[in-house]
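Read the figures in this text as sums done on the coordinates, not as results from a lab. It should be emphasised that the depicted structure is a prediction, and the values quoted were computed from it without experimental measurement. Glycine also receives a Cβ, built like all others from the backbone with ideal geometry; neighbour counts cover every protein chain displayed.
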Amino acid sequence: MHSPQPVSQKIRAEIKGPVGYLIIDRPERKNALSFEMWKEVARLIGEFGANKALRVVVLRGARDLPFCSGADISEFETVRANAEGARAYEEANVVAFDAIAACPLPTIAMIRSFCMGGGMGLAAACDLRVASESAEFTIPPGKLGLAYPPSAIRYIVAAIGPANAKDLLYTARRVKVTEAEKLGFINRLVAEDAIESEIEKLAAAIAENAPLSLKAGKLAINHASGYEFAQDMKAVNAAAEGCFDSADYREGRSAFLEKRKAQFKGE
């Protein structure tokens, strides 16, 4: 199966079995995202979500690079030099975050080293976050004189709560991974040399389960979280009710009675 084609190798998609990997590969900028890269995130996530062969999406930095050090500040004097450009840039950020959060597939952020600014927004929009011991986090707009889009902040608040979000926003301080775990931002903290294998095991465990069930559950949780794109209660209920008429539900019942592992097809 061919992976979706990127506009630039700085951000690309790779497919390995049932897992789609969105990979940031810009070492010269420590994986900071340019305006065009933000747009690529939304496009590639959309292609993953439409691929019926996929079961899980992982966002990560290439090789041992940082997860994402945020927006490319070199564009502040070009793309974001005036209010109009800044608004367009922020809109690209929001579209990327919303694409991840609304993706019908479970999403996992694999975090090494820097997870800062917009990078923290990318991770917050994912369903799960797995970090290694080198990970560091910050929300720095207070040091830059700008404000993050309110619709982007909601993902941070959903992950760590309003008081903790205010603490990080007001102070713009860097947070080590152990504190990020205590705040609830990190679901799993693993050793530096174990994160690759842990991600593979987690993705494989998720991929074994019934895709329609996971989709329905994600829709319900997003609705309960108050996300605007998930406020169609009819669609939420339809996804849940559709599971009962699915071939996967019949397979799940049979596998349980026969004491064997179910083979789900997302149908």
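Observations
- Taking Cα atoms only, the orientation of helix 247-258 departs from the longest principal axis of the chain by about 60 degrees.
- Taking the DSSP bridge list for the chain and keeping only pairs wholly inside it, about 30 percent are antiparallel.
- From the alpha carbon centroid of segment 204-263 to that of segment 22-82 is 29 Å.
- Between GLY184, PHE97, ALA42, the Cα set farthest toward the positive side of the dipole of the chain (charges on each charged residue's Cβ, about the Cα centre) is that of GLY184.
- Whether segment 11-206 is rounded, prolate or oblate, judged on the alpha carbon gyration tensor where a/c under 1.5 counts as rounded: oblate
- SER134 sits among other residues whose Cβ lies under 12 Å from its own Cβ, and their net charge, with Lys and Arg +1 and Asp and Glu -1, is -3.
- DSSP finds beta bridges in segment 83-236, and of those with both partners inside it, around 15 percent are antiparallel.
- C-alpha long axis of helix 162-171 to longest principal axis of the chain, angle in °: 30 degrees
- Residue order, fewest to most beta carbons within 10 Å, for VAL56, VAL177: VAL177, VAL56
- In this calculation the C-beta distance from ASN187 to ASP232 is compared with R0 = 30 Å, giving a FRET efficiency of 0.65.
- The angle between the Cα long axis of helix 83-102 and the longest principal axis of the Cα atoms of the chain comes to about 20 degrees, rounded to the nearest 10.
- Helix-only mean residue ellipticity at 222 nm for the chain, each DSSP H run of n ≥ 4 adding -39500 (n - 2.57), per residue, nearest 500: -14500 deg cm²/dmol
- Over 25 Å between alpha carbons, listed pairs LYS16/LYS39; LYS143/LYS218; LYS218/LYS261: LYS143/LYS218
- Modelled spin labels at ILE221 and LYS143, positioned 7 Å past Cα toward Cβ, are 3.1 nm from each other.
- For the chain, excluding the exposed loop sites themselves (trypsin sites (Lys or Arg not before Pro), DSSP loop, at most 15 other Cβ atoms within 10 Å), the longest remaining stretch covers 64-172.
- GNM on the chain, alpha-carbon springs under 10 angstrom: the most fluctuating residue among ALA224, ALA53, ALA42 is ALA224.
- Computed E for GLU91/ALA205 - FRET, C-beta separation, R0 30 angstrom, nearest 0.05: 0.25
- Relative contact order [Cα under 8 Å, 6+ residues apart], segment 210-258, whole percent: 39 percent
- Relative contact order for the chain: 14 percent, from Cα pairs under 8 Å spaced at least 6 residues apart, divided by residue count.
- Listed by chain and number, the lysines whose C-alpha is less than 18 Å from the C-alpha of LYS182, apart from same-chain residues fewer than 8 away, are LYS166.
- Value of relative contact order over segment 27-160, rounded to a whole percent, pairs C-alpha under 8 Å and six or more apart: 27 percent
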